[in-house]
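Student: Below is a structure I'd like to ask you about.
The values are calculated or read from the model by the stated rules, or taken from the named source; none is laboratory data. In this text, all values refer to a predicted model and were calculated from it rather than measured experimentally. All Cβ positions, glycine included, derive from the backbone under ideal geometry; neighbour counts span all protein chains shown.
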Amino acid sequence: MVPIFKCTELIAVLSLILLYQPQGFTSRYFHVAAVETTATPLSVVTVTVTVAATPTQSESSAAPTSAPTSAPTSVPISSNTTVSSSALPTSTSAPVIPNLTPGQLPNSFPQNTTVTSGINFDTSWQEFYRVTQGLPNITFPLGNNYAGNLPVQRSGHPNNTLFFWGFENRVGSLTMPAGQIQLSPWLIWLGGGKGPGSSGLFTSMIANGPMLLHRDLTISKNPNSLSNLMDTIWVDQPVGTGFSTADSTGYAKDENDVASDFIGFLSNLVKIFPSLATRPLYLAGEDYAGVYISYISKALLATSSPPVILQKIVIGNGLLYDVSQSTNIATTSIIGSFPQLIKFDQGVFDSFQSKAHLCGYDVNLTYPQQSPLPYIESTRRVSSLWSSVASRAQKTGLLKRRSKRDISLTNQLDPYYGCSIFDEAVDYAANFSSPWSPGIFDLFDVSDALSPPPSIDGGIYFNALQVRGALHAPSSKNWTSMDLYPFGSTLNFSSATNFFGDPSPPPATFFDDLVSTATSKNVEIILYSSGNNAIAHHRSLEILIQNTTFGGTRGFTRKPSTPWVDDSGNVAGIIHQERGILYALFDNVGSFTPHANPTAAHTFFRQYVLNSNTTGSITVDSNNKLTVFGGEDPNVAADAPRVASKIFLGAGATQSTLLAPSATVAAWKKFLKDASTRASTSGAQSRFSWSGRVWLGVLVLCTSYLALGSLI
């Protein structure tokens with residue numbers, strides 16, 4: 001056992017040594033502190049269901065020719081109408097999870113047991129999936145829409161299905177013959193939310209679908225629906241997520257299962273809607289959907305006869321790195337944009353910048369990138385430490401962070417945090433910077449300091465009998481916006497190998513190959529990020545792009561610095577596109593962009609996803625000189641200071657705003673520019689020598705020892 005005081009002395013010596021050695025990205029261990037989350041109780045309760053035994057194939061009836069028998073119905077409900085018990089029942093205080101033995105996972109199956117693998121689907125099933133019953137609180141026409149479960153064709157798991165809800169862009173556009181609509185694109189949206197197991201159905205109801213569900217259960221028409229642009233299908237996946245079903249041994253074990261299941265789902269979908277097999281597919285989603293989309297796209301591109309024609313890959317705020325990678329390499333950028341986290345203290349910023357240098361996080365981006373950037377290894381090798389923290393958090397409902405009231409920042413690495421400088425920054429804010437405190441830090445929108453955060457309980461609506469019946473949704477489970485078992489994990493996360501329990505490597509490990517394959521097949525890749533998002537910060541995405549070779553060149557040849565505007569003429573961020581990759585940054589919004597800034601998100605999808613606007617692309621002017629269409633503005637470039645002047649406060653809703661004085665913000669911007677100049681002249685991009693790696697290994701061992709001791 002290493003005495004603590006010996007660790008401290010050793011690390012102090014180590015820090016001095018490392019200060020005089022070239023620094024850089026290497027394979028190293030990191031301590032990953034837990035992310036704070038608080039469970040929000042349901043304000044109104046969900047449907048109680050009885051989990052029956054899985055029906056066998058022999059119990060299935062013949063293929064139906066019409067929609068299944070509906071649940072009890074009522075007239076559409078307005079905000080001042082009494083809700084009937086059959087429409088929005090109340091019975092329990094939480095989604096029903098059956099009593100399970102340790103290691104046992106829930107079992108679920110489709111509403112109609114005929115919908116199992118082995119069925120030969122065809123166009124006669126269109127009527128079966130068409131939504132014909134009225135939905136509560138919707139008093140405006142929805143147009144033709146289709147919903148229900150489709151098998152994923154997993155061998156030995158006939159009840160493994162994915163749930164979809166699809167909306168036509170115009171009458172008959174989903175069902176008309178392929179020859180009549182062959183060039184019209186269609187879009188699939190996958191949920192990513194705040195981790196794997198997020199429902200795509202939820203996104204359709206609170207962000208980019210035809211209707212918007214509000215906290216009082218009223219519903220309004222959404223003018224910014226993706227279905228106003230093209231046929232759009234929202235999908236709950238992986239199996240077991242939302243209304244998707246899985247038997248107790250059929251959950252996806254890794255991303256390869258996820259991709260295989262999704263291709264099986266697509267194979268059945270295009271049998272029912274044949275035009276989708278020959279029309280261009282845009283595969284889109286945010287957050288953890290970035291992982292799914294990367295693996296699904298990789299599998300589709302490797303398939304000799306794919307069921308669909310993938311034309312565009314659209315990933316927003318994608319978790320393309322391991323979480324610790326994306327947050328640590330962006331820590332100084334996050335603090336720079338939100339100096340309120342450190343009370344505008346320039347000395348504290350300098351300290352974190354020094355730590356970033358010691359850990360090799362301060363890479364120097366060039367356009368194009370002159371040499372490969374070293375890859376930061378993920379933290380999965382210390383996942384057992386994270387798993388134990390997550391286990392306790394899951395049981396208590398609150399992740400407890402180490403109290404650092406005695407934190408003293410220096411330009412050396414802290415023995416507790418090591419290179420986990422993002423965790424150190426969050427703890428600093430929680431202990432020294434109002435309005436943050438332990439338990440208040442939104443990884444997905446740093447400007448949001450609401451406590452508790454706002455929430456919408458979609459389960460109240462989706463679990464209503466009338467809604468289940470109309471959508472042909474299963475009665476063997478309760479719908480939840482976040483599923484606990486996307487990778488066959490259990491509540492104790494005992495087998496988790498990364499932050500979310502996903503055992504597969506992050507997409508960054510194969511992104512170069514994915515981009516090369518996609519661009520060689522004329523599949524465009526669209527990547528966007530939100531400026532207020534910490535967990536998938538735009539800095540980490542910019543590093544990934546510049547370290548990727550496409551079209552024979554590494555990274556973009558010009559720094560992204562072209563403004564783009566929404567329909568009202570407001571500058572929404574910056575945009576750049578070269579050689580089959582489009583990158584966009586949304587300023588002043590967090591994750592879940594269609595919800596945070598629906599107007600800008602809708603403009604972006606219409607102009608840059610559907611219509612291929614060329615703003616930000618490289619062209620040749622009349623003087624035969626390369627230029628960027630739309631111009632370049634260094635004041636809004638990707639690395640320009642983006643300092644937030646507002647922090648939002650309140651309980652469950654924004655009730656006040658913390659404003660930073662304009663003079664303070666201006667002074668901070670000047671400080672950041674000066675700091676950037678100092679960093680660039682000191683040779684920020686660096687690399688550990690072999691001796692540095694040895695000493696860093698000693699640091700990590702001590703850090704892990706101290707961290708583990710604090711958890712015991």
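Student: Working only within the range 507-557, note down all residues that are more than 17 Å from residue 293 (Cβ to Cβ), among the charged types (D, E, K, R) and in contact with a strand residue (DSSP E or B) (Cβ under 8 Å, 6 or more places away or on another chain).
Tutor: Of everything in the range 507-557, just one residue is more than 17 Å from residue 293 (Cβ to Cβ), among the charged types (D, E, K, R) and in contact with a strand residue (DSSP E or B) (Cβ under 8 Å, 6 or more places away or on another chain), namely 542.
Student: Is one or more of the residues making up the range 324-335 in contact with a strand residue (DSSP E or B) (Cβ under 8 Å, 6 or more places away or on another chain), modelled with pLDDT of 95 or more and β-branched (Val, Ile, Thr)?
Tutor: Checked the range 324-335: no residue is in contact with a strand residue (DSSP E or B) (Cβ under 8 Å, 6 or more places away or on another chain), modelled with pLDDT of 95 or more and β-branched (Val, Ile, Thr).
Student: Given 185, 238, 151, which one is within 21 Å of residue 267 (Cβ to Cβ), surrounded by fewer than 22 Cβ atoms within 10 Å (Cβ to Cβ) and in contact (Cβ under 8 Å) with a residue 60 or more places away in the chain?
Tutor: Going through 185, 238, 151 in turn, the sole match is 185.
Student: Does the range 517-524 contain at least one residue that is of a type in the set (S, T, N, Q), surrounded by fewer than 20 Cβ atoms within 10 Å (Cβ to Cβ), touching a residue at least 12 places away in the same chain (Cβ under 8 Å) and on the phi > 0 side of the Ramachandran plot?
Tutor: Yes, the conditions are met somewhere in the range 517-524.
Student: When the range 507-516 is examined, which residues are found to be assigned to a helix (DSSP H, G or I) and either crowded, with 24+ Cβ neighbours inside 10 Å or not hydroxyl-bearing (Ser, Thr, Tyr) (or both)?
Tutor: 507, 508, 511, 512, 513, 514, 515
Student: Name the residue that is surrounded by the most Cβ atoms within 10 Å (Cβ to Cβ), counting only residues in the range 610-619 that are touching a strand residue (DSSP E or B) at 6+ places or on another chain (Cβ under 6 Å) and part of a loop (DSSP other than H, G, I, E, B).
Tutor: 616
Student: For the range 138-157, name all the residues that are of a type outside the set (A, V, I, L, M, F, W, C) and either touching a Pro at 6+ places or on another chain (Cβ under 7 Å) or part of a strand (DSSP E or B) (or both).
Tutor: 139, 145, 146, 148, 149, 151
Student: OK, next. Filter the range 403-426 down to the residues that are of a type outside the set (Ser, Thr, Tyr) and farther than 17 Å from residue 350 by Cα, then identify the one that is modelled with the highest pLDDT.
Tutor: 415
Student: Could you please find all residues in the range 138-173 being at pLDDT 95 or above and on the phi > 0 side of the Ramachandran plot?
Tutor: Selection gives 148, 172.
Student: Let me ask something else about it. Residues 260, 227: which one is of a type outside the set (Lys, Arg) and surrounded by fewer than 24 Cβ atoms within 10 Å (Cβ to Cβ)?
Tutor: Criteria check complete, one pass: 260.
Student: What strands (runs of 3 or more DSSP E), lying completely within the range 531-609, carry at least 3 residues that are at pLDDT 95 or above and within 30 Å of residue 231 (Cβ to Cβ)?
Tutor: 571-578, 581-586
Student: With surrounded by fewer than 22 Cβ atoms within 10 Å (Cβ to Cβ) and not aromatic (Phe, Trp, Tyr) as the only criterion, which of 348, 323 stands out?
Tutor: Exactly one of 348, 323 is surrounded by fewer than 22 Cβ atoms within 10 Å (Cβ to Cβ) and not aromatic (Phe, Trp, Tyr), namely 348.
Student: Taking the range 211-270, which residues are aromatic (Phe, Trp, Tyr) and modelled with pLDDT under 95?
Tutor: Within the range 211-270, just 251 meets the criteria.
Student: Report yes if residue 266 is within 15 Å of the chain's Cα centre (by Cα) and either among the hydrophobic types (A, V, I, L, M, F, W, C) or crowded, with 21+ Cβ neighbours inside 10 Å (or both), otherwise no.
Tutor: So residue 266 fails the test.
Student: Ok, one more. Only one of 115, 171 is within 23 Å of residue 609 (Cα to Cα), assigned to a loop (DSSP other than H, G, I, E, B) and of a type outside the set (S, T, N, Q); which?
Tutor: Selected residue: 171, the only one of 115, 171 that is within 23 Å of residue 609 (Cα to Cα), assigned to a loop (DSSP other than H, G, I, E, B) and of a type outside the set (S, T, N, Q).
Student: On to the next question. What are the pairs, 6+ residues apart or on separate chains, where a residue within the range 657-678 that is outside any helix (DSSP H, G or I) has its Cβ under 8 Å from a residue that is charged (D, E, K, R)?
Tutor: Going by the 8 Å Cβ cut-off, the qualifying pairs are 657/646; 658/646; 659/646; 660/646.
Student: Let me ask something additional. Only one of 704, 686 is in a loop (DSSP other than H, G, I, E, B) and at pLDDT below 55. Can you tell me which?
Tutor: Among 704, 686, only 686 is in a loop (DSSP other than H, G, I, E, B) and at pLDDT below 55.
Student: What residue, of 302, 284, 289, is farther than 19 Å from residue 149 by Cβ, at pLDDT 95 or above and surrounded by fewer than 22 Cβ atoms within 10 Å (Cβ to Cβ)?
Tutor: Exactly one of 302, 284, 289 is farther than 19 Å from residue 149 by Cβ, at pLDDT 95 or above and surrounded by fewer than 22 Cβ atoms within 10 Å (Cβ to Cβ), namely 302.
Student: Here's a follow-up. Give me a count of the residues in the range 114-137 that are closer than 20 Å to residue 244 by Cα, of a type in the set (Ser, Thr, Tyr) and modelled with pLDDT of 95 or more.
Tutor: Looking only at that region, the number is 1.
Student: Take the residues in the range 553-587 that are of a type in the set (S, T, N, Q) and surrounded by fewer than 20 Cβ atoms within 10 Å (Cβ to Cβ); name whichever of them is farthest from residue 205 (Cα to Cα).
Tutor: It comes out as 553.
Student: Follow-up question, since we're still on this one. Tell me, yes or no, whether the range 245-262 has at least one residue that is over 26 Å from residue 99 (Cα atoms) and touching a strand residue (DSSP E or B) at 6+ places or on another chain (Cβ under 9 Å).
Tutor: Within the range 245-262, one or more residues are over 26 Å from residue 99 (Cα atoms) and touching a strand residue (DSSP E or B) at 6+ places or on another chain (Cβ under 9 Å).
Student: Separate question: Of all residues in the range 610-629, count the ones that are of a type in the set (Gly, Ala, Ser) and modelled with pLDDT of 95 or more.
Tutor: 2
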